[in-house]
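First up is the structure itself, then whatever we jot down about it.
The values are calculated or read from the model by the stated rules, or taken from the named source; none is laboratory data. Owing to the predicted nature of the structure, the values given are computational and were not obtained by experimental measurement. Methodologically, a virtual Cβ is constructed for each residue, glycine included, from the backbone with ideal geometry; neighbour enumeration extends over all protein chains shown. These area figures cover heavy atoms from the full protein model, side chains too; ligands, DNA and RNA do not enter into them. Shrake-Rupley method; radii C 1.70, N 1.55, O 1.52, S 1.80 Å.
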Amino acid sequence: MNKAHDTLKHYFGYDTFRPLQEEIISHIVAGEDALVIMPTGGGKSLCFQLPALLLDGLTIVISPLIALMKDQVDSLRANGIPAAYINSSQDEIEKQEVRTKIKNKEIKLLYLAPESMRAIQSLRETTTISLIAVDEAHCISSWGHDFRPAYTRLQVLKKLYPDVPLVWLTATADKATRQDILVQLGIPEARVFLSSFDRPNLSLTVRPGQKRLEQILSIISTKPDESGIIYCLSRGSTEKLADKLSSAGISAQAYHAGMPHDRREQVQNDFLMDNVQVICATIAFGMGIDKSNVRYVIHYNLPKNIEWYYQEIGRAGRDGLESDTILFYSYADVMQLTKFAQDSGNADVQIAKLERMKQYAESLTCRRKILLHYFGDATDQNCGNCDVCKHPPEMFDGTVIAQKALSAVYKLWQQESMRTTIDVLRWSRNAYIVSRGYESVSTHGIWSDIPQIERQRYIIQLLNLGYLEIAFHHRDALILTESARGVLFGGDTVSLAKPHQDHISQASKKWMTSVEKKIAEKNKRLQWPTLLEQLKSLRKSLSMSENVPWHTLLSDATLKHIEQVQPTTLGMLETIQWLWDTKIDKYGHKILKVVTSYHVLTGRWQVKKWVSIWSTFMQTYDLLQQGKTPEQIAKTRDLALGTIYTHIWRLHASGKDVDITSYISDAKVDLIASALTSVDHQGKLKPLYEHMWWEVSYEELRLGMQVVGR
Ligand code: ADP
Ligand code: MG
């Protein structure tokens, strides 16, 4: 092992091995098979790269991503280690060059994709293969979270090459997956190296999903120059979030698999080089990224299992320094993910994994214990660095609260969702409640003394404690369990945890207001582009259709002058600088059209019409001020209820003092907020409307969008 130490120092520049590395390396060099399970950033690569240098022949590394191969090969070469890859990104000549080098024993490590098994066979004819390493081993198991069918071809490796040692490596494999991997590989007795999954420098926090943007801004405000990653469920939401953060003056970029390859590479590079502070990404981001100073990882949505979650938070604090991880937890996400899981290929496994994720998010005991236990790395110590350890939940006798909720479920015939149940409990009189006659149910309003932020938390606790269940196949209705009977009729008591309240500090609230202003300004600008912006976009489309560079068409100075003069006739155009006759002939009418439509847009020609529209809004406004409900106003004014709702959101949008939150339930607002993050609706309401199974009307949708600030 002296040689191993020298090689470590000479090629990799490290003085000591990390835990388990040395043992694994000597095991492999002795020709034995192994399964290595080590968390992200633990140093798995070294476990096969170093043996490759100690052993005589060629080491083959199977890796699932072509992009990763290139990174690894580049960094090996930078360390003076002869490495290469063969994959579909190369042409035949390049591949042949690599083969020749292998034949001449000029290559020590060769990276291949799992699809390239045949290449191994032909290489054997010209060279000795001394080791085969398979990275991201969990991809072989359908029990794992990232099954890749091509990996199943690797099952034959041991049969074809019984004399070549095999090492399989992964960062994430729960107990079932581990067992499955070994059996599939035909090496059930291979040694398993399980390194500790504990990353004590990562703080673990779970927060309720309300007002996520505000919470995120508040978090970032405490880490102004640090790097962070925010994981979102959908591509659309990565873009929207990046946009909002940018409006708030934060350097942020989106990253997802739908972006062109070049763009993704650019964003990733900018992040690595610290040119971009925050990446808003889908799970597509991060595999194999070696950035040591990521100071925080935020989950905007609930991940679908603990494996993904742990991989993703593992990207924070790889340098061992204190780093934060925050998970936003909303029940809308749970519902959404449950539906995804139900529709997936192996629904049972996915649902069971989601269930564990949920238990983690809702835990009232040390969160790290749950994580470590999940990976078979059990401990009885509380970590002291998770939100539960830092603020242990305050338990109280919640029997009465529970009885009220359970009897509401009972009175609603166990037919209604969590949203509606909460609406009834909190004394809502929204359209649905009224239409079902629920205002006359005796439990209507019996939770109105409980703050909104706590209501859902209590229901979730009742679900966790096993008093309630969700009938996913029956419109997500809440139903009572056998133990609920004991609480309602048998004198059983229920102990509940008091939810924590304020996640946004006073200091950052102030900062937030200025941020909100900035966002509002930007939105305003987006709705009403300036004349100059419109002229520029005309120029752009002209330059594209004529295929000439824009600056030869119309200069910036000319456009600015047009903006100043705002010409509405051809004669006025002649007074514009640098606008020759030929250009007026060619573009004059188009320019005039832009100017006049700008006038229409900004209301110059429409003042009269607008006044009459406005006055109908104001009539509604006056009635609202008198305390009339939308239903009453519709009746008095003989207008449709939908029209009155439209007035309400218009009034609010124009800055009138209208409390729109009282016309829509918080639960619906949550539902809308989550739909907005998960549906790529491209500014249209219909996809959102349908996504929510028609539970929210268009009018409510518009109101809700105002409430969440879209
Ligand atoms: P994994 O594949 O397990 O996620 P990597 O192999 O990419 O992790 O290693 C993570 C980081 O740790 C890399 O920057 C690597 O150079 C570094 N590293 C690996 N082994 C050691 C060691 N013995 N000492 C110091 N740094 C190490
Ligand atoms: Mg790795």
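Is it true that SER545 is assigned to a helix (DSSP H, G or I), of a type in the set (Ser, Thr, Tyr), over 28 Å from ALA242 (Cβ atoms) and modelled with pLDDT of 75 or more? So SER545 passes the test. Of the helices (runs of 4 or more DSSP H) lying entirely inside segment 382-483, those carrying at least 1 residues that are touching a residue at least 24 places away in the same chain (Cβ under 8 Å) and open to solvent by 40 Å² or more (accessible area, probe 1.4 Å) are 399-411, 431-435, 452-464. Scanning segment 43-63 for residues that are more than 12 Å from ligand 2 (Cβ to nearest atom) and open to solvent by 10 Å² or more (accessible area, probe 1.4 Å), we see that the one that is nearest to ASP319 (Cα to Cα) is LEU53. Annotation note: of GLY258, GLY228, the sole residue that is open to solvent by 40 Å² or more (accessible area, probe 1.4 Å) and outside any helix (DSSP H, G or I) is GLY258.
In segment 239-249, the count of residues that are part of a strand (DSSP E or B) and open to solvent by less than 10 Å² (accessible area, probe 1.4 Å) is zero. From the list GLY249, GLY236, the one residue that fits, being assigned by TED's automatic domain parsing to the domain that holds PRO303 and at positive phi, is GLY249. Against the list (1) over 30 Å from PRO393 (Cα atoms); (2) in contact with a Ser or Thr (Cβ under 6 Å, 6 or more places away or on another chain); (3) of a type in the set (A, V, I, L, M, F, W, C); (4) within 16 Å of ligand 1 (Cβ to nearest atom), the condition LEU202 fails is (1).
GLN90 meets each of the listed conditions (1) touching a Ser or Thr at 6+ places or on another chain (Cβ under 9 Å); (2) without any contact (Cβ under 8 Å) to a residue 12 or more places away in the chain; (3) polar (S, T, N, Q) apart from (1).
Filter segment 22-33 down to residues that are under 13 Å from LEU54 (Cβ atoms) and in a helix (DSSP H, G or I) and give me whichever is nearest to ligand 2 (Cβ to nearest atom). Looking at residues that are under 13 Å from LEU54 (Cβ atoms) and in a helix (DSSP H, G or I), I get ILE24.
Counting the residues of segment 313-348 that are under 18 Å from ARG199 (Cβ atoms), open to solvent by 10 Å² or more (accessible area, probe 1.4 Å), assigned to a loop (DSSP other than H, G, I, E, B) and at pLDDT 85 or above gives 3.
Tell me the residue from VAL73, VAL36 that is among the aliphatic types (A, V, I, L, M), outside any helix (DSSP H, G or I) and either surrounded by 22 or more Cβ atoms within 10 Å (Cβ to Cβ) or within 14 Å of ligand 1 (Cβ to nearest atom) (or both), please. None of the other options fit; the residue is VAL36.
The condition of being in contact with a helix residue (DSSP H, G or I) (Cβ under 9 Å, 6 or more places away or on another chain), modelled with pLDDT of 85 or more and open to solvent by 20 Å² or more (accessible area, probe 1.4 Å) holds for only one of GLN632, GLN706, GLN682, that being GLN632. Every condition in (1) in contact with a Pro (Cβ under 7 Å, 6 or more places away or on another chain); (2) open to solvent by 30 Å² or more (accessible area, probe 1.4 Å); (3) touching a residue at least 40 places away in the same chain (Cβ under 8 Å) holds for VAL29 except the one numbered (3).
The residue list LEU233, LEU182, LEU204 contains one member that is under 25 Å from LEU371 (Cβ atoms) and more than 19 Å from the chain's Cα centre (by Cα), which is LEU182. LEU157 meets all of the listed conditions (1) away from ligand 2 (no atom under 16 Å from the Cβ); (2) within 18 Å of ILE306 (Cβ to Cβ) but one, namely (2).
Of everything in segment 295-312 that is within 16 Å of ligand 2 (Cβ to nearest atom) and open to solvent by less than 10 Å² (accessible area, probe 1.4 Å), the residue that is nearest to the chain's Cα centre (by Cα) is GLU312.
Filtering VAL183, VAL164 for residues that are farther than 19 Å from THR59 by Cβ and among the aliphatic types (A, V, I, L, M) leaves a single hit, VAL183.
Residue by residue, here is whether (1) in a strand (DSSP E or B); (2) touching a residue at least 24 places away in the same chain (Cβ under 8 Å); (3) under 21 Å from SER45 (Cβ atoms) holds:
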site	(1), (2), (3)
ASP198	no, yes, yes
SER203	yes, yes, no
GLN253	yes, yes, no
ARG264	no, no, no
ILE298	yes, yes, no
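Pairs are defined by a Cβ separation below 8 Å, a sequence spacing of at least 6 or placement on different chains, a first member in segment 40-57 that is assigned to a loop (DSSP other than H, G, I, E, B), and a second member that is among the small types (Gly, Ala, Ser) and near ligand 2 (Cβ under 10 Å from one of its atoms); the pairs so defined are THR40/ALA171; GLY42/ALA171; LYS44/ALA171. Scanning segment 164-210 for residues that are within 16 Å of ligand 2 (Cβ to nearest atom), open to solvent by 10 Å² or more (accessible area, probe 1.4 Å) and hydroxyl-bearing (Ser, Thr, Tyr) yields one hit, SER195.
Can you find a residue in segment 349-371 that is within 16 Å of ligand 1 (Cβ to nearest atom) and surrounded by 13 or more Cβ atoms within 10 Å (Cβ to Cβ)? Break it down into steps so the answer makes sense when it comes.
Taking segment 349-371 and keeping what is within 16 Å of ligand 1 (Cβ to nearest atom), we get none.
No, the conditions are met nowhere in segment 349-371.
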